[in-house]
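Below: one structure, written as structure tokens.
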Number of protein chains: 2
Amino acid sequence: MGKGTPGRAQPSRRSAAAPGAGDAAGVDARVQRSRSRVLTTAFDLLSESGVGGFTVDEVARRSGVAKTTIYRHWPSREALVIDAASRISAEQEVPDTGSLESDVTAILANLGHLLSTARWSSVVPSIVDVAERDPEFAGVHGKIQRGHAAPLREVIERAASRGLISAAADPSSMVSALIGPLYYRRWFSREPIDDQFVKTIVRNVISSQRATDDPVRDTRT
Amino acid sequence: MGKGTPGRAQPSRRSAAAPGAGDAAGVDARVQRSRSRVLTTAFDLLSESGVGGFTVDEVARRSGVAKTTIYRHWPSREALVIDAASRISAEQEVPDTGSLESDVTAILANLGHLLSTARWSSVVPSIVDVAERDPEFAGVHGKIQRGHAAPLREVIERAASRGLISAAADPSSMVSALIGPLYYRRWFSREPIDDQFVKTIVRNVISSQRATDDPVRDTRT
DNA sequence: CCTAAACGCTACGCTACCATAGCGTAGCGA
DNA sequence: TCGCTACGCTATGGTAGCGTAGCGTTTAGG
């Protein structure tokens, strides 16, 4: 599993004319098409069936790409799964309203929405499960996780550097305290994640960082 | 899948002499031995390999009980998995120190310890994953989950009935806010769960329920 | 137009696993 | 001692999935 993406090393790369950004340049159009189709289908299948129910044959059936072709681009089922799973990274932009509370609220509300609707949310338990035993997947899992926590961590550390929160406060603890409850509701208690809930969670964490005066007063239904 | 436990309906039950508590009375000693061996092994295997890696053949190999015998007691692989997984229920006693904060802290500290050490903690992701798609497992998952949250819910509702916390506070939200961060650390961020962390989490939630005056002052390393 | 790369298709070997059948053996209880 | 029950062992049928081989067809690109 050395390199990054699995695919066979550049087949010919004669015409390096097309300057395309990073990787997908100078590659045969057919290769691109196959890859993209397979990867899309693979991600869909992963969302439906989880890592356990993921089979190469099924990907071939759905995508219309022959199984042999798939194996020409990925050395094994595992490589394909990892490649597909890596698409989960939810790159979201980081808000900066000046208020830590509203920044955090925005991020969590968005995350809550994603957890409720995004297809990848049903894949995550699979990844977590496999990562529990397979170090390769543990890497993928860690990357996805860090990706999800990143915006939150960023606004918190920014607030800390601005001296807005107690220096004794541990950013990692705050991230856990903020994201944990949302994850819990999505995958464990299976309760809905509404705005009210998000507000409550945020207030719990933020209010312990600065003296609060108006504990519960948000009746905008 | 109808009844509770799968096993064949009472084989003979002639001598109902032995008054043994609920179920295991009047059953052939050999049956008991087989069942117990299989179930123990099944749980071990489940902890190691997860639901996905669980095979009847392996259980037979390890337990020394013949595969045919296993199928005499459980109608299918799935039934055995469910039976083994149901052993997770962590029945713990509910403290009552008079202080909500110390009750909650005790429960969370214990839970954190279990998450770090108990074998079943590595099975949970499997259950969550399968429950995502299989309603049967969703039931098991729900039961386990409620079991884990029960003590917490109990002390919180007790405190509420005693008027110790705001009536506006939602016990479900509090449970999510308390357990979520611990689960997050165990299965997502994979950070350790120490007493300091537990204290922080508890303070976040509790302090937003009663006017706090000493926000962050716990420097016992 | 011509070459070479990429693709599709069919078939295959292999392994792992589920679930069952048949038959002989051991042990519990009257 | 005798019978019933549980158990072990071996074999078997069947499915599903991984990964590969061979061969013909399409298509990009000079």
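Computed from the coordinates by the stated procedures, all read-outs in this text should not be read as laboratory data. Worth saying up front: this structure is predicted, and the values here are computed from it rather than measured. Positions of Cβ are generated from backbone atoms using ideal geometry, with glycine treated the same way; all protein chains shown enter the neighbour counts.
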> Which shape class applies to the range A:87-138: rounded if a/c is under 1.5, otherwise prolate when a/b exceeds b/c and oblate if not, where a ≥ b ≥ c are the square roots of the Cα gyration tensor eigenvalues?
Replying inline: prolate
>> Using DSSP to call loops (not H, G, I, E or B), can you name the GluC sites (Glu not before Pro) in the range B:55-147 whose Cβ has at most 14 other Cβ atoms within 10 angstrom?
In response: B:Glu91, B:Glu93
>> Need the full-extension length gain, A:Arg72 to A:Asp28, defined as separation in residues times 0.36 nm minus the C-alpha distance. One decimal, nm.
In response: 14.4 nm
> With charges set only on the Cβ (+1 for Lys and Arg, -1 for Asp and Glu), what does the dipole of the range A:55-95 come to about its Cα centre, in debye to the nearest 20?
Replying inline: 300 debye
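With the cut-off at 1.5 for a/c, could you classify the range B:57-182 from its C-alpha gyration tensor as rounded, prolate or oblate?
prolate
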> How much net charge surrounds A:Glu78 when only the other residues with a Cβ under 14 Å from the Cβ of A:Glu78 are counted, with Lys and Arg +1 and Asp and Glu -1?
Replying inline: -1
> Peptide B:130-136: average number of partner chain Cβ atoms within 10 Å per residue?
Replying inline: 4
> Where does the charge balance sit around B:Phe137 when Lys and Arg score +1, Asp and Glu -1, over other residues with C-beta under 14 Å from its C-beta?
Replying inline: -3
> Which aspartates and glutamates have a Cα less than 14 Å from the Cα of B:Lys67, not counting those fewer than 8 places away in the same chain?
Replying inline: B:Asp57, B:Glu58
> Taking the Cα centre of the range B:16-169 as the origin and placing charges on Cβ (Lys, Arg +1; Asp, Glu -1), which of B:Ser86, B:His148, B:Ser76 is farthest toward the positive end of the dipole?
Replying inline: B:Ser76
>> Using a 10 Å cut-off around each Cβ, can you sort A:Leu111, B:Leu152 from fewest to most neighbouring Cβ atoms?
In response: B:Leu152, A:Leu111
